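So the structure is just underneath, and the comments pick up after that.
Since every read-out is calculated from the coordinates, none of them should be taken as a lab result. Bear in mind that the values here come from a model prediction, so they are computed numbers and not experimental data. Methodologically, a virtual Cβ is constructed for each residue, glycine included, from the backbone with ideal geometry; neighbour enumeration extends over all protein chains shown.
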Amino acid sequence: MKGKYWLLGSMFLVFFDQLLKILVRTFLSYQQEIFILPYFFTITYVENKGGAFSIFSNIPFFFIGFSLVVIGIIVFIGCKKTYSVSTQVALSFLLGGATGNLLDRIFFGSVTDYLSFTFGQYTFPVFNFADICVVIGVFLLLWIELRRYKNENTSNEPHAL
């Protein structure tokens, strides 16, 4: 991906995220569950005014401000120079996920979540496609940096005879 195609990728991710959330809000009642794989995976419509796991739900404007800062940083860094394809993909996922949830906060006052997983007795907090994008972006950036760090350190080590 040369140039700024990562911006187009992030716009596609935002579009897909918003489409999924529109479908959930249109066809499900609040807290309605659709059992996809009973005792493991359900589509459950909930609204989250806070951050991950509904933390700080009493200060929703914090997340709007925080999201704007994060999006600004991603765009600034992304437009600064041309990056490798893997870095552009990571930036695309981060920007798409952050923007998708920001749009929800601005237009609805909360984020629409709908993916619910249960592992034995533990039910993981409900999340959405934008959250998945952010996690993928973060893990990609970590993987890229770990590879870079490993390559820098292994090239400086003396070779055994």
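With neighbours defined as other Cβ atoms within 10 Å of a residue's Cβ, the residues Glu152, Glu47 order from fewest to most as Glu152, Glu47.
Spin-label model, Leu23 to Thr123: label points 7 Å out along the Cα-to-beta-carbon direction sit 2.3 nm apart. Given +1 at the Cβ of Lys and Arg, -1 at the Cβ of Asp and Glu and no other charges, the dipole of the chain around its Cα centre is 500 debye to the nearest 20.
Using the alpha-carbon atoms, what tilt in degrees (0 to 90, nearest 10) does helix 85-108 show relative to the longest principal axis of the chain? It works out to around 30 degrees. When the chymotrypsin sites (Phe, Trp or Tyr not before Pro) in the range 31-133 are filtered for DSSP coil states and for at most 16 other beta-carbon atoms within 10 Å of their beta-carbon, the remaining sites are Tyr39, Phe40, Phe56, Tyr83. Annotation: amide H-H contacts under 5 Å for Phe41 (H modelled 1.01 Å from N, sequence separation of 5 or more, or interchain): Ile36, Thr118. Normalised by the number of residues in the range 1-148, the average gap of Cα pairs under 8 Å and 6 or more apart makes the relative contact order 32 percent.
Rounded, prolate or oblate, given the Cα gyration tensor of the chain, with a/c below 1.5 counting as rounded? It comes out prolate by the Cα gyration axes.
Spin-label model, Phe15/Trp143: points 7 Å from Cα along the beta carbon direction are separated by 2.5 nm.
Cβ-Cβ distance of Tyr39 and Phe108, R₀ of 22 Å, FRET efficiency by 1/(1 + (r/R0)^6): the value works out to about 0.10. Ranking Ile136, Ile77, Leu13 by how far each Cα lies toward the positive end of the dipole of the range 1-147 (charges on Cβ) leaves Ile77 at the top.
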